[in-house]
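This report refers to the structure that appears directly beneath it.
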Amino acid sequence: MISLKDKVIWLTGASSGIGEALAFELGRRGAILALSARNREALERISSDLTKSGARVLVAPCDVLDIEQTKATANLVTKTLGTIDIVIANAGTHIFSVPEKFDSAEYLGLMQLNYGGLLHTIESVVPAMIARRGGYIVGVASMAGYRALPRAAAYGASKAAAIHFLESLRFHLAEHGIAVSIVNPGFVKTPLTDKNDFRMPFLIDAREAAATICDGMERQKLEIAFPSVFKWIMKISQLLPDFIYRPIVRSIWKSM
Ligand SMILES: NC(=O)c1ccc[n+]([C@@H]2O[C@H](COP(=O)([O-])OP(=O)(O)OC[C@H]3O[C@@H](n4cnc5c(N)ncnc54)[C@H](OP(=O)(O)O)[C@@H]3O)[C@@H](O)[C@H]2O)c1
């Protein structure tokens, strides 16, 4: 078990949804926070609420698509708050894939944010973590990265890439005393999922997601996947042969 109290935590995607809820939950648990996203106004509002409840917060706007900006933000966090103990690479978005209107630029753009943004964030902290032989990296992927789902060609591919990358990175970073957790949420009610036009199974609210992520971080779990029932359904579905998996998914999709 680790305590999040007094840990310097750099959180990306902190301006809304899961990231915003995480900022409040981490603040409640006594973390020292650096909050990044592009929307400075939203970060200022969150910071002001957190500061009122006694948390120490740095607003550090950043576009994770820009590697130089991301590295400069990591430096700013270190100079202002001290060594970054934990980074949470959470920034990301979702688009539906409509292969009938195939647009590779759109798909690559999503990959650039969901996978490239995660890489930029991690690259910005890893050299310092290796040098001091310690640190903790938390990458937010998704259960959509487990196995192919309809309309999720672009999103699922970006999250599968993130999961694969983090699982591989973990082998190397363990030798440098650095821990890696992968967060794989199911459906969480946020501005991202508010756009969905279907009934989302096992939907939970962002505060519950944030509490589960923080509990998992305190245990440095390899994978923080939730909600639990949905996680097991998705895990078991990974084991099904295609001739069983495909008709089940097609019939669920058609009934949604
Ligand atoms: N909600 C779910 O059901 C669900 C399920 C599985 C995984 N996830 C993952 O959880 C993460 C958070 O999702 P959410 O549901 O909380 O979505 P959200 O409410 O749309 O929040 C996305 C966050 O990412 C930030 N962001 C987007 N582009 C950015 C960029 N170029 N640079 C820096 N920050 C950027 C946004 O801030 P700005 O616009 O201010 O930059 C915002 O803070 C994502 O990685 C998502 O894929 C969500």
Check your understanding: Considering only residues of the stretch 38-58 that are under 20 Å from residue 82 (Cα atoms) and assigned to a loop (DSSP other than H, G, I, E, B), which is nearest to the ligand (Cβ to nearest atom)?
Key -> 55
Check your understanding: List, please: which pairs have Cβ atoms under 7 Å, are six or more places apart or on different chains, and start with a residue in the stretch 184-197 that is hydroxyl-bearing (Ser, Thr, Tyr) and end with one that is more than 7 Å from the ligand (Cβ to nearest atom)?
Key -> 193/200
Check your understanding: Which of the residues that make up the stretch 1-16 are surrounded by fewer than 22 Cβ atoms within 10 Å (Cβ to Cβ) and near the ligand (Cβ under 6 Å from one of its atoms)?
Key -> 16
Study note, to complete from the structure: The number of residues in the stretch 158-188 that are among the charged types (D, E, K, R) and under 30 Å from residue 105 (Cβ atoms) is 2
Practice item. Check 175, 167, 223, 218 and return the single one that is over 19 Å from residue 249 (Cα atoms), within 14 Å of the ligand (Cβ to nearest atom), surrounded by fewer than 22 Cβ atoms within 10 Å (Cβ to Cβ) and not hydrophobic (A, V, I, L, M, F, W, C). Key: 223
Review point. Has the stretch 236-256 got at least one residue that is without any contact (Cβ under 8 Å) to a residue 40 or more places away in the chain, exposed (fewer than 11 other Cβ atoms within 10 Å of the Cβ), of a type in the set (Ser, Thr, Tyr) and more than 18 Å from residue 147 (Cβ to Cβ)?
Key: yes
Check your understanding: helices (runs of 4 or more DSSP H) wholly in the stretch 59-131 with at least 2 residues that are crowded, with 18+ Cβ neighbours inside 10 Å and hydroxyl-bearing (Ser, Thr, Tyr) - which ones?
Key -> 67-81
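Only the coordinates and a few stated rules stand behind these numbers; no lab work does. Predicted, not measured: the structure shown is a model, and the values here were computed from it. Glycine also receives a Cβ, built like all others from the backbone with ideal geometry; neighbour counts cover every protein chain displayed.
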